[in-house]
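Enquirer: Please find one structure pasted underneath; my questions will follow.
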Amino acid sequence: MSELVIRALHAGEAELFLSMPDPGLVGVAMTGRSYRETAAAGRYRPEWTWVALRGDRVVARAAWWGGPDDEAPLTLDWFDVADLDAGATLLRAAPFRCEYCLLLPPGWRGQPAVRLAAESRLAAAGQAGKRPLVERLHYTWTPADGLPDRPDRLRYRQAPGDDVVLDVLRRVHRGTLDAHARRDLARLGPEAAAREELATLNWFPAPREWWRLASTPAGEPVGIAVPSRNYESPVIGFVGVVPEQRGRGYGYDLLVEATHLLVEQGAERIVADTDVTNAPMAAAFARAGYPVVQERVFME
């Protein structure tokens, strides 16, 4: 058997990366995203794209994704293995410690071929030291799904400076069901976790003027909605309700307000995510007409 060689791509080697056969059952290949086009936009880069080779055959490949202005990648979202051990070795050799996001079709566990393809990638990532964090539902709304009427229960204003937003984020984080926020709270503490959340929201290339703070007609704070966009699509960046207002369905109101604001900005496609375990938010997306188009498994 040929010696295993693991390395980053050189410029102009996209063909080598794409030479690995893949039926496209899971992962980025399932979505039809073009590696070349994404790389041309600066979101994949040769130094962020690694292959494991036996002779001239690619037996595992991985591409880390980031924004065009980012100095380091943010996530591993393209990872395929024909050889599980080679895939694990590749992840250990590459110098990035981002979380892994595996894209999957809805109901993937009930499809034997899809489940096998998913579990081989997850096993390789686990062998490389990554641990399960959370599974998420991924939604895509279009006008064909219908624009829900705005509930007239809350009042909205543009989010002011960082101090006010940070105070709301600190409150929203108390008792949150979001796994990423819970991880950051445990690792960083409340203040740093709120600042980490704010930094993530500020990373999105969309105007801060779109953000909305919500309150009751009596002026009691309710939460925050962040309609935004990433580098590919308008997105529901964040929806959060403060603890004392939970249980009243306000997450739905905030989601609908964010949806309307994006549509008013010309959005014809809006993407969003929530944890499988966040039943109230999943119910809000369903009620607002957001269909589940993917499931996603995150490992850290």
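Enquirer: Can you give me the Cα centroid spacing of segment 1-40 and segment 204-249 in angstrom?
Expert: Answer, in whole Å: 37.
Enquirer: Please report the projected area of segment 184-252's Cα convex hull averaged over all directions, in nm².
Expert: 5.8 nm²
Enquirer: Which of PHE204, PHE238 has the fewest other C-beta atoms within 10 Å, and how do the rest follow up to the most?
Expert: Details: PHE204 19, PHE238 23.
With the sparsest Cβ surroundings first, the list reads PHE204, PHE238.
Enquirer: Between the DSSP loop rule and a limit of at most 10 other Cβ atoms within 10 Å, which GluC sites (Glu not before Pro) in segment 1-103 are left?
Expert: Working: sites: GLU3, GLU13, GLU15, GLU37, GLU47, GLU71, GLU99; in loops: GLU3, GLU13, GLU71.
Taking segment 1-103 and a limit of 10 other Cβ atoms within 10 Å, the loop GluC sites (Glu not before Pro) found are GLU3, GLU71.
Enquirer: At 7 Å along the Cα-to-beta-carbon direction for both ASP163 and LEU177, put a label point, then send me their distance in nm to one decimal.
Expert: Computed distance between label sites ASP163 and LEU177 equals 3.4 nm.
Enquirer: How large is the convex hull of the C-alpha atoms of the chain per residue, in Å³?
Expert: Once divided by residue count, the hull of the chain is 134 Å³.
Enquirer: Once you list every other residue whose beta carbon is under 11 Å from the beta carbon of LEU177, what net charge do they have if Lys and Arg are +1 and Asp and Glu are -1?
Expert: Taking every Cβ under 11 Å from that of LEU177, the sum is 0.
Enquirer: Which value results for Rg/Rh of segment 144-273 when Rg is the Cα radius of gyration and Rh the Kirkwood radius based on the inverse mean 1/r?
Expert: Checking Rg against Rh, the ratio lands at 0.95.
Enquirer: What 222 nm value per residue comes from the helices of the chain, counting each DSSP H run with n ≥ 4 as -39,500 (n - 2.57) and dividing by all residues, nearest 500 deg cm²/dmol?
Expert: Per the formula, -10000 deg cm²/dmol.
Enquirer: With the Cα gyration tensor of segment 4-130 in hand, convert its eigenvalues to equivalent ellipsoid semi-axes via √(5λ) and list them largest first in whole Å.
Expert: Semi-axes from the Cα gyration tensor: 21, 17, 15 Å.
Enquirer: Take every Cα pair under 8 Å in the chain that's 6+ residues apart, average their separations, divide by the length, and report that relative contact order as a whole percent.
Expert: RCO, the chain: 20 percent.
Enquirer: Within 12 Å, Cβ to Cβ, of PRO160, how many net charges do the neighbouring residues add up to if Lys/Arg are +1 and Asp/Glu are -1?
Expert: -1
Enquirer: Then there's this: How charged is the neighbourhood of ARG45? Take every other residue with its Cβ under 15 Å from the Cβ of ARG45, and add Lys/Arg as +1 and Asp/Glu as -1.
Expert: On the way: positive: ARG7, ARG36, ARG43, ARG61; negative: GLU13, GLU37, GLU47, ASP69, ASP70, GLU71, ASP77.
Its environment carries a net charge of -3.
Every number here is computed from the coordinates shown, using simple stated rules; none is lab data. Values in this document were obtained by computation on a predicted structure and should not be read as measured data. All Cβ positions, glycine included, derive from the backbone under ideal geometry; neighbour counts span all protein chains shown.
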